[in-house]
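Q: Have a look at this one.
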């Protein structure tokens, strides 16, 4: 696909006759040589071109400076006249400064097509038909800048509805406190959210398609098998980058992943969020049964946890809910219940190693070896006089500290989380206190009478994550919505939420589940949070353009039906301009039905899957939108600018 930049570069070079061409092809080496030598004529010609100046020049102290390094990178790229080019090696590995790791010490992750945008426009329903996957280009972030800007522009939203306890109603206005569910491609939907939600999302929990070295029934990302790992990494990088923009400065992201892709993803997220913002790699026990299929039974997954800015997060607020079960003692002195904690602590400080005399027995106590007392001697005397020191139930042992429930509540949340839950041995790093996927499956069966998702995440896993990172009314995002577990938990915990899903099951599983939550469904964490029902959410769809043709092609049952789709495409669809339509018309009938479908899918312009908001007042687009949806878009976008 020749882009505007591509054409303008060629136009500039053609001004020099054959100087930069060999048999009609650009002599990249000669161009690079002259750019590197700051050839005045070539630089002047480039900087006089408005398109090139806009994309490759910067102004410094009133002077225009051409970024020749970017132009050189462009010309060094493989097959740069195609917008699927990439400046990165067709080899996956760790690199530093553009060289592989054995040549340097500063590490970044390199993989084929790292500097590209991958939409993954086809759903799993489509990719199940391997021979019908679209030939979607990887759009490079430099040479295809115009196409990317169009691709990632905010989209028109249609079929706006609000779900409440009273039912479903069409709406023409969006309130900032509304929960939001979007049907459509998640990359494009994320960019659609940017105007209104940039810097406002407190937590993101995603369970993305996992990378598997070998194809498995659970492999949900079957895309571009030639560079499967690189495709998956590009796919993740594109979505993580925009997610970072949506997160608040004290925002946190949780990403579940298997061991096969976890280590690649860890380095990628280090690159996007910064290694310094890494919080934890939690291992979660996702199954309790033992499988004999492999050398080792895989029973756990990773949860990578990152902050947008770890220095902003207050550690006293990044805590689990307070567990009150341990506050079982009460001296009936009006101060309420308390729990007992050791008065010694893990440290060696000489000023905290003073002797303590048991006032009941006269026995002298020192801190155990390798430890010290928790306070200075002066503070100990103050605590003793305030009746906050105890010497065992019968007053016969070493000192203990009374911690009152009312004091802990005043401090905010409860205990800090670790990668070890309290019911496990110190050698373990499993979140096995939370539910396994088995719990999630049982919950599905109870709600829908059948299993609609393989390996769903249980609600208490999401709850644990949201306890740490959010408070009531904070915004939670999940753009791999699936069965809506994240949204259900956020709803029950009184968090605002955003969910994105492009699959059709959003209307048969995801939305119905949230309706059940509004009705007061009692599965998952409902009893823990005393959930009684209530609340609401708004549902919208990205307005389909070419994406509707993809579905029509797929669903055509015979040649006649497909011909009708093709005829309609010729009138209404955005066709890739590289296609020779006359040739297609003349030869399409000679192909088998599957080959015809494959051909029609390939000629569709994948950058025009949905209508952009900038088109909403075009006469031919406005006629397709209801008055209420038109008003909803104006409310969503224009009020979002305020």
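Q: In region 470-497, what count of residues is obtained for those that are touching a helix residue (DSSP H, G or I) at 6+ places or on another chain (Cβ under 7 Å) and within 21 Å of residue 168 (Cβ to Cβ)?
A: So the count comes out to 9.
Q: Filter region 631-642 down to the residues that are closer than 21 Å to residue 539 by Cα and either buried (at least 18 other Cβ atoms within 10 Å of the Cβ) or without any contact (Cβ under 8 Å) to a residue 60 or more places away in the chain (or both) and list them by number.
A: Result: 632, 633, 634, 636, 637, 638.
Yes or no, residue by residue, for (1) under 24 Å from residue 394 (Cβ atoms); (2) loosely packed, with under 13 Cβ neighbours inside 10 Å; (3) in contact (Cβ under 8 Å) with a residue 12 or more places away in the chain:
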site: 333; (1), (2), (3): yes, yes, yes
site: 336; (1), (2), (3): yes, no, yes
site: 357; (1), (2), (3): yes, yes, no
site: 360; (1), (2), (3): yes, yes, yes
site: 369; (1), (2), (3): no, yes, no
site: 373; (1), (2), (3): yes, no, yes
site: 378; (1), (2), (3): no, yes, no
site: 383; (1), (2), (3): yes, no, yes
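Q: Do you know which residues across region 484-502 are assigned to a loop (DSSP other than H, G, I, E, B), on the phi < 0 side of the Ramachandran plot and surrounded by fewer than 24 Cβ atoms within 10 Å (Cβ to Cβ)?
A: Passing the criteria: 493, 495.
Q: Restricting attention to region 31-50, and to residues there that are within 39 Å of the chain's Cα centre (by Cα) and surrounded by 17 or more Cβ atoms within 10 Å (Cβ to Cβ), which single residue is farthest from residue 72 (Cα to Cα)?
A: Of everything passing the filter in region 31-50, 49 is farthest from residue 72 (Cα to Cα).
Q: Within region 284-301, how many residues turn out to be in contact with a helix residue (DSSP H, G or I) (Cβ under 9 Å, 6 or more places away or on another chain) and surrounded by 16 or more Cβ atoms within 10 Å (Cβ to Cβ)?
A: 4
Q: In addition: Within region 138-188, how many residues turn out to be under 13 Å from residue 609 (Cβ atoms), part of a loop (DSSP other than H, G, I, E, B) and either modelled with pLDDT of 95 or more or out of contact with any helix residue (DSSP H, G or I) (no Cβ under 6 Å at 6 or more places or on another chain) (or both)?
A: Of the residues in that region, 4 qualify.
Q: When you check residue 312 against the structure, is it under 27 Å from residue 493 (Cα atoms) and assigned to a strand (DSSP E or B), yes or no?
A: no
Q: May I pose another question? Give the residue, chosen from 402, 398, that is surrounded by 13 or more Cβ atoms within 10 Å (Cβ to Cβ) and outside any loop (DSSP other than H, G, I, E, B).
A: Result of the check over 402, 398: 402.
Q: Here's a follow-up. Quick check: anything in region 522-536 surrounded by 15 or more Cβ atoms within 10 Å (Cβ to Cβ) and in contact with a strand residue (DSSP E or B) (Cβ under 7 Å, 6 or more places away or on another chain)?
A: Yes, some residue in region 522-536 is surrounded by 15 or more Cβ atoms within 10 Å (Cβ to Cβ) and in contact with a strand residue (DSSP E or B) (Cβ under 7 Å, 6 or more places away or on another chain).
Each row is one residue, and each column tells you yes or no for (1) surrounded by fewer than 17 Cβ atoms within 10 Å (Cβ to Cβ); (2) more than 22 Å from residue 138 (Cβ to Cβ).
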{"residue": "557", "(1), (2)": "yes, yes"}
{"residue": "570", "(1), (2)": "yes, yes"}
{"residue": "602", "(1), (2)": "yes, no"}
{"residue": "610", "(1), (2)": "no, no"}
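Q: Residue 317 is checked against (1) closer than 14 Å to residue 388 by Cβ; (2) in a loop (DSSP other than H, G, I, E, B) and fails just one. What number does that condition carry?
A: (1)
Q: Okay, next question. Can you pull out every residue in region 503-512 that is surrounded by fewer than 20 Cβ atoms within 10 Å (Cβ to Cβ) and either in contact with a strand residue (DSSP E or B) (Cβ under 7 Å, 6 or more places away or on another chain) or in a loop (DSSP other than H, G, I, E, B) (or both)?
A: Within region 503-512, 503, 508 qualify.
Q: Hey, another quick one. Considering (1) farther than 15 Å from residue 246 by Cβ; (2) surrounded by fewer than 15 Cβ atoms within 10 Å (Cβ to Cβ); (3) within 24 Å of the chain's Cα centre (by Cα), say which one residue 183 fails and leave the rest.
A: Of everything listed in (1) farther than 15 Å from residue 246 by Cβ; (2) surrounded by fewer than 15 Cβ atoms within 10 Å (Cβ to Cβ); (3) within 24 Å of the chain's Cα centre (by Cα), residue 183 misses just condition (2).
The values are calculated or read from the model by the stated rules, or taken from the named source; none is laboratory data. Computed from a predicted model, the values in this text were never measured in an experiment. Note that each Cβ is placed from the backbone with ideal geometry, even for glycine, and that neighbours are counted across all protein chains shown.
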